Each structure stands twice: as C-alpha cells, then as structure tokens.
Amino acid sequence: MDEFETAAQLQHWLRTHFPKENERHEWKAWHSLKSCIASRKGDDLVSYVSALANMEGGCVVIGAQDGSLAPSGIQDFAGYTAENVVHRVLGKTPGLPSLGLLVQELHARDTGAVVWLVHVPRHAPRELVLAHDKAWQRDGDSLVELRADRRQAILAEHLAGEDWSAVELPNATLDDLDEAAIAKAREKFFEKHQREDWAAQIRQWSAQRLLDKIGLTVNGRITRACLLLLGRRESATALLSPHPAEITWKLAAERVAEHFHPPFLLTTTDVAQCIRNPNIKLFPANELLAVTLPRYDTHTVLLEGLHNCLAHQDYAQGGRVVVEESVGLVRMINLGGFFDGQPDDYASGARTPERYRNERLAKAMAEVGMIDKVGFGIHDMVQAQRRRFLPLPDYEGSSPLRTVFNVYGQEIDENYSRWLMERTDLPIEHVLWLDRVQKKRKLDAAQVAELRRAGLIEGRSPKLYISAQLAVATGQEVEYLNQRRPDADDYKAALCKLLALGPQPRAKVDGLLLPKLQLWIPELAQRKEYIRVLLKEMSKEGRIQNIGGPTRAALWALTPNGESSHTKPHKTTPNNTQSK
C-alpha cells in the first residue's frame with residue numbers, strides 16, 4: 001500500500017498522474033464494491049477494463065470523486081482485496097492478458113481514505129477483450145459496444161515476426177522482373193555502398209547475386225517485395241493476386257485519375273510528375289526579392305512520403321495506395337495505421353524505428369535509396385517544409401485502419417506562417433504545436449500550457465491565437481487585436497466620450513459600439529446583449545444614468561461622477577471578463 005500523509009497530497013498526486021478522463025483513464029467514485037466489479041453490464045469494472053484494453057490499456061481510479069479526484073475512498077470492499085479482485089476480473093474478461101493487470105492501493109493517513117488504481121494492459125494482437133460477452137469501448141462519458149472500425153483494426157493488427165513482403169513466390173522467376181528496374185536498382189545500390197571495398201564489383205554481379213544482396217530475393221527465390229519494386233506489371237499483378245499492387249492518383253476537381261503499377265522503383269517518379277507543381281512566390285522577411293520555387297519539394301517530400309506509403313502499406317487488407325490532389329494540398333493514403341509510435345516522435349529525428357510492418361520491403365527500399373530507415377524521413381520532410389515557409393506536413397485524418405499523409409503547397413496564414421518558419425530558435429515540438437494552432441486543430445492541455453508558459457499563444461481552447469509578443473514581432477498588431485476578446489474598459493471610455501457631448505438614446509449608443517464589437521461577436525443579438533450588460537454595469541458603478549424612460553425611451557447621460565472620471569475608466573468588464 002502506498003501511503004500519503006494527507007488526502008490533499010493524495011488528490012494532488014492523482015490529478016498529476018490522471019489529469020482527465022479519456023480512452024486511457026477512468027474515474028469512479030464507488031463507495032461500495034458490492035455490485036461494481038462484475039454485476040452491472042456496461043457500468044462495472046470488468047466493462048471498463050474491456051474498454052481500456054481494447055484501446056491502448058490504461059487505468060481505472062476507484063474511490064475518487066469524478067472531476068476533482070478528491071479521495072472519498074472505498075468504504076465497503078465487499079470481500080474484495082487488491083489481490084483477489086485481479087482473479088475475479090480475469091475470470092470475467094476473456095482475452096485480457098494477465099501480465100500487466102494489477103491493483104495498486106493508495107491510502108491517506110489523515111482521513112483513512114483508500115483509493116484503488118486498476119492498471120489495465122493493452123489487448124494482445126488480434127485479440128478482443130470481452131466483458132458480459134461483448135467487446136466495449138468508451139464513447140464520451142459512457143461505454144458502447146466496440147465499433148466496427150475499431151474491431152477491424154484490432155483483428156488486422158500486425159503480429160510479431162509476420163512480414164507479408166518476405167513471402168517467397170515459387171512460380172516467380174527472373175523473367176518476371178523488369179530489366180530497366182534491375183539496372184536502376186544496381187545503380188542505386190552502388191551509390192549507397194560506393195565507399196565499400198567491394199563496391200567496384202557490383203557492376204559485374206549477376207542479377208541473382210545483386211538481388212540477394214539487396215534483400216529482394218533469398219538464394220535466388222523471388223519475394224513479394226521483389227515484385228513490388230522490380231516486377232513487370234503483368235507478372236506482378238498475376239503473382240501478387242488477390243493483393244493489388246497499385247497506386248492511384250486522383251484530381252477530383254478535373255475528374256481525372258491514373259493508376260500506376262510495378263516496378264515501383266521506376267513508376268513512383270511518374271506518380272510525382274502527375275502532381276501539379278507550378279512555381280510559387282514567397283516573401284520571407286528580411287529579403288528584398290521574392291523567392292520563386294516549385295509548390296512542392298518533389299524529392300524530399302513528395303517521393304519520400306509516397307515511398308513511406310509503399311513501405312508501410314498493409315497489403316494483406318487488399319487495397320491500393322491513393323494519392324489525392326486538390327488546390328494546394330496532396331493527401332497520400334495507405335492502409336494500416338501509423339506503425340511503431342506516433343508521427344511527432346520522429347519529427348526531431350531523435351527516434352529510430354524499432355520495427356516495420358514490411359521489414360524485407362523496407363530494408364530493400366533503403367538499400368536502393370527510396371526511404372530512410374533510421375528515423376530521419378519524417379524529420380527531413382518537416383524541415384523541408386519549414387525551410388520553404390509553408391505549413392508542416394501532418395497526419396490528420398489517420399485512423400487505426402489507414403494512414404493519411406498531408407502535404408501543403410500554399411500558405412494558410414501569410415504572416416503567421418512567415419513567423420512560424422523563420423523562428424529557427426524554437427524547439428521542433430513548439431513548431432509542430434504552433435503549426436496545429438495555425439491549422440485550427442486541437443492541442444492537448446499539456447501542450448497548450450507549455451506554449452502559454454513560453455508566451456507563444458493566447459485565448460482559450462479551442463480558440464487559440466498568436467500572442468501579443470509575437471504579433472508585434474511579425475507586424476500582426478491589428479490581427480492580434482481583432483482576434484483577442486474585447487477590453488470592456490475601452491468601450492466604456494468610448495461611451496463616456498460620447499455622453500460627454502450630451503445625453504444619447506440607445507440607438508446612438510448602438511451606433512457607436514455595434515461596429516466595434518462586430519470583429520469578435522458576429523451575431524447582432526449577442527452584440528446588443530453585450531451593450532445592455534455594459535450599460536447596466538456602468539449604471540451600477542454610478543458613471544451613467546438613464547434620464548429618459550424604460551427600454552426604447554431610455555436616454556443615457558453621464559452622472560456628475562462620470563463627468564469627472566470618464567477619462568479614467570474603472571477596471572471592470574461585463575460578465576466578469578478580466579481586462580488586459
């Protein structure tokens with residue numbers, strides 16, 4: 001049992017480690033465990049264990065108040081202990097791995113409150129975790145039966161040691177390979193190993209020895225990976241069936257599309273050439289002339305991204321790689337969720353992938369210069385976009401069933417992008433998060449807090465915007481003032497100046513303030529309500545008074561106190577909005 005001197009210390013510890021309920025953390029203020037372990041279908045411990053395990057695992061906190069995590073404690077254990085409840089849960093959750101399921105007991109000495117942390121392991125690959133004969137998942141504040149897409153994602157998960165691309169094809173021969181592709185593979189393999197003592201021999205090697213060295217064949221036996229990269233179109237289509245080996249490029253706006261097939265070592269360049277890539281002009285700060293460059297970086301971004309799709313495609317699902325082009329955006333889609341970590345893990349170049357979905361294919365692609373295999377690919381793509389003063393590539397739209405890679409070919413916000421890309425002193429994590437702010441996408445609470453501490457953003461989630469400090473640095477003072485919440489003192493001062501000219505009806509007051517408020521309150525009714533509250537507050541402050549009748553007959557005038565102080569507004573705002 002882990003001891004804490006006070007309940008307040010325990011609460012602080014809980015809030016630090018479990019800041020919010022989500023797909024990994026669940027809070028339950030159960031005082032009694034009598035019917036809470038396995039007796040309430042969809043609302044008991046085993047149901048929540050199923051829901052957490054069917055995602056990435058997590059923790060159920062029992063005996064703490066929902067929201068505050070104040071440790072109210074478990075009062076009635078109903079015969080359960082931290083040891084025997086584990087066996088009860090395992091008996092009611094078929095498919096749950098026993099390794100990693102444990103109950104941690106926390107105790108506050110001053111109140112005697114006992115809190116349980118039920119640590120739940122992730123499901124085993126391709127194994128659903130059931131409770132009450134159903135697989136569960138979280139949906140808001142409640143549980144629902146596991147959705148079809150998540151079920152499919154679990155059942156299609158990669159198994160350790162499994163490699164679709166390494167399967168040997170007994171009916172395939174060297175005649176099924178494209179001679180130009182083999183020549184290209186020889187050239188690229190030489191480029192990669194030209195400093196080796198044996199590099200000069202590469203040109204004299206037989207095709208079989210070359211392909212064995214690259215890893216596309218095993219003692220001359222051709223693999224699926226070999227047909228993908230070097231196979232003749234007809235042979236690859238027939239020998240890889242029923243798994244399509246195809247890349248589809250589509251430009252929906254013009255209703256055109258084209259399909260590309262092996263040998264992908266050659267044809268991926270054809271795909272990239274289909275993408276509209278005109279020159280664009282960018283105007284970086286401290287430059288007298290505009291920079292003219294192609295909309296997309298073909299080699300570092302487009303081809304690297306497309307080759308990543310081929311390397312990580314889940315071919316067993318029987319789908320194709322899709323490249324969708326629209327104005328200023330290219331989306332590359334492959335089947336199978338992002339493999340081994342999260343995209344942001346690789347942005348700095350510090351993480352090295354530990355495994356690949358198609359290990360043999362990925363190794364061969366690295367040998368012929370198609371991909372980077374030590375974790376720099378995403379990093380290089382991010383840095384390439386940053387140097388081009390364009391939004392960073394991202395993986396928005398991805399799911400456990402497919403990976404979506406987005407490449408941007410035009411600015412989203414000219415001033416913001418310019419600042420974002422030229423502040424080379426910022427850590428790459430801050431650049432990634434600020435790029436999400438630029439795209440109006442959500443950040444988690446910890447990321448928002450860190451950006452606030454660095455003085456980079458203002459506003460309240462999800463309406464975040466550039467901070468005043470950065471607005472001045474980039475010439476965005478007007479945009480900044482237009483985005484931030486209004487300062488009521490400014491409007492009060494303006495109204496006092498108007499009333500100093502004489503009593504005014506409500507229509508005149510509206511005429512003064514409605515246009516000023518329109519920048520941040522689009523709805524007319526809400527603007528009028530804001531003015532009504534403003535007038536009420538100033539009246540209570542003794543600065544103005546109604547010397548006319550009610551509602552439409554109102555005639556607003558300064559009080560004697562207001563006449564002497566209208567140039568020194570009080571620091572109050574409607575609805576308790578803090579002034580800046």
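Set the Cα radius of gyration of the range 294-351 against 2.2 N^0.38 Å, with N its number of residues, and you get 1.23.
Listed values (i) 23, 57, 19, 1; (ii) 21, 52, 24, 3; (iii) 16, 34, 34, 13, 2, 0 include one computed from this model; for P(r) over Cα pairs in 20 Å bins from 0, in percent that value carries the label (iii).
The separation of the range 128-205 from the range 1-50, counted between C-alpha centres, amounts to 40 Å.
The simple spin-label model puts a point 7 Å past each Cα toward its Cβ; for residue 352 and residue 317 those points are separated by 2.9 nm. Remark on residue 394: its backbone amide H falls under 5 Å from those of 406, a criterion applied only to residues 5 or more positions apart or on other chains, H modelled at 1.01 Å from N. When all protein chains stay in place and ligands, DNA and RNA are ignored, the 1.4 Å accessible-area order of 255, 186, 233, 460, largest first, is 255, 460, 233, 186. Accessible area per residue was computed with a 1.4 Å probe on protein heavy atoms; residue 41 scores about 120 Å². Selection among 385, 337, 467 by position relative to the dipole of the chain gives 467 as farthest towards the positive end (Cβ unit charges, Cα centre). Ranking 538, 55 from most to least accessible surface, computed with a 1.4 Å probe over the protein chains only, gives 55, 538. Projecting the Cα positions of 207, 185, 222 onto the charge dipole of the range 178-226 (unit charges on Cβ atoms of Lys, Arg, Asp and Glu, taken about the Cα centre) puts 222 furthest along the positive direction. Taking the average, over residues, of other Cβ atoms within 10 Å as the packing measure, peptides 380-386, 58-64, 104-110, 235-241 rank 58-64, 380-386, 235-241, 104-110 from highest down. Distance between the 7 Å Cα→Cβ label points at residue 194 and residue 12: 6.2 nm.
Calculated mean residue ellipticity at 222 nm for the chain: -10000 deg cm²/dmol, from DSSP H runs with n ≥ 4 weighted as -39500 (n - 2.57), summed, divided by the residue count and rounded to 500. Determine which lysines satisfy two conditions relative to residue 41: a Cα distance under 21 Å, and not lying fewer than 8 residues away in the same chain. Partners within reach: 28, 92, 134. Descending by average beta-carbon neighbour count within 10 Å, the peptides 351-363, 173-185 line up as 351-363, 173-185, the highest first. The angle between the Cα long axis of helix 179-193 and the main principal axis of the chain comes to about 70°, on a 0 to 90 degree scale.
The values are calculated or read from the model by the stated rules, or taken from the named source; none is laboratory data. Please read all numbers here as calculations on a predicted model, not as lab measurements. Cβ: placed from backbone, ideal geometry, glycine included. Neighbour counts: every protein chain shown. Please note that ligands, DNA and RNA were not included when accessible areas were found on the heavy atoms of the full protein model with its side chains. Shrake-Rupley method; radii C 1.70, N 1.55, O 1.52, S 1.80 Å.
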